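Q: So that we are looking at the same thing, I have put the structure below in structure tokens.
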Amino acid sequence: MEKRRALINALISKLLRYSLVLFIILSLNFFLPRLLPGDPVMNLLGLEASYAPPEVIESLEADLGLDRPLPAQYWHYLGDVFTGDWGYSFEQRRPVFEAVMVHLRWTVILALPAILLGALVAAVLGAVAGWRRRSPLDVGLSGAFLAFYSIPPFLLAMFALWVFGFKLGWFPLGKVHSGNTAGLAYLADVIWHMALPLAVLTVSKASYDFLVVRNAVVATIGENFILTARGKGLSELAVLFRHALPNALAPLVTVTAIQLGVIFAGTALIEIVFSWPGMGTLIYGAIGARDYPLIQYAFFIIAASMLLANFVADIVYAWLDPRIR
């Protein structure tokens, strides 16, 4: 009973803390775009801004809510966040919610397989390398993944695009499909277009996950349950994958949950490099156009997903690790 009460109190404490962080992020999300140089109304009018009648400018300011005092805009913004009325994106020429959902789909299609594949590759190779620490296999794998980890993902993306896209011509450049296919041919076309950015993302994610799993497996080698398993006559592979690896997966689960939360931020630069129409390219265009509504709610989704992922990771880690419970 005492343990259950303590767990509930800890859960409530985490909820309050995350709620406070979300409120701070929402506030920054409102004020920071308004510190950017430029006038969103002038950007919206484009070349017509220099000779647009004052009443047209005033009408646009009223439509965007920019004619109200800043505190009134702020409270209106907070209300819109939780009612789902996200306004209209003048850069995308459609409702913000619709624009976000369209681009969000392509980010998930690209990033989710990369995160899961990266975790799978890291779990297997990291476990083997950690189990055979200081062997040539461990040195080779650790050196390779450490090298990939030290390279910024956008730089790796630019190198891959230049070599495999421009020089060798193995993969298409830009877009997500050729536009003239349907059915299974369309699916194959999309996979072909996403193969290179998917490979870059997978390697980038796996490089860090590998180091996490390897170090966790190394830390378990001297544990009593490993010695007991060996004493029962189990093979080395059985000891590794049935005893050592499951106990080393808790950090990987936490890292993967956090990566799922930063799925939008983590892929943004790679999407821009490969012209992939995800959240990264959406935010990039919105910042250039000073599209306040789109910037606000795109970053709101990123912040909310990161907080949710961290909250879930805390719970999952506590469930996997009895010492935390």
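Q: Would it be correct to say that SER204 is under 21 Å from GLU271 (Cβ atoms), modelled with pLDDT of 80 or more and in the same structural domain as ARG133 (by TED's automatic domain parsing)?
A: yes
Q: Still on this structure: Condition first: over 19 Å from the mean Cα position of the chain (by Cα), among the aliphatic types (A, V, I, L, M) and in a helix (DSSP H, G or I). Can you find one or more residues in segment 200-213 that meet it?
A: yes
Q: Among all residue pairs at least 6 apart or on different chains, which show Cβ distances below 7 Å where the first residue, located in segment 8-25, is closer than 13 Å to LEU308 by Cα and the second is part of a helix (DSSP H, G or I) and not aliphatic (A, V, I, L, M)?
A: Close Cβ pairs (under 7 Å, with a partner that is part of a helix (DSSP H, G or I) and not aliphatic (A, V, I, L, M)) amount to LYS14/PHE311; LYS14/ASP314; TYR18/PHE311.
Q: Filtering segment 168-193 down to residues that are touching a helix residue (DSSP H, G or I) at 6+ places or on another chain (Cβ under 6 Å) and at pLDDT 80 or above, which residue is nearest to ALA119 (Cα to Cα)?
A: PHE171
The values are calculated or read from the model by the stated rules, or taken from the named source; none is laboratory data. Fair warning: this is a prediction, and the values are worked out from it, not measured in the lab. A quick note on method: Cβ atoms are made from the backbone with ideal geometry, for glycine too, and the neighbour counts reach across all protein chains shown.
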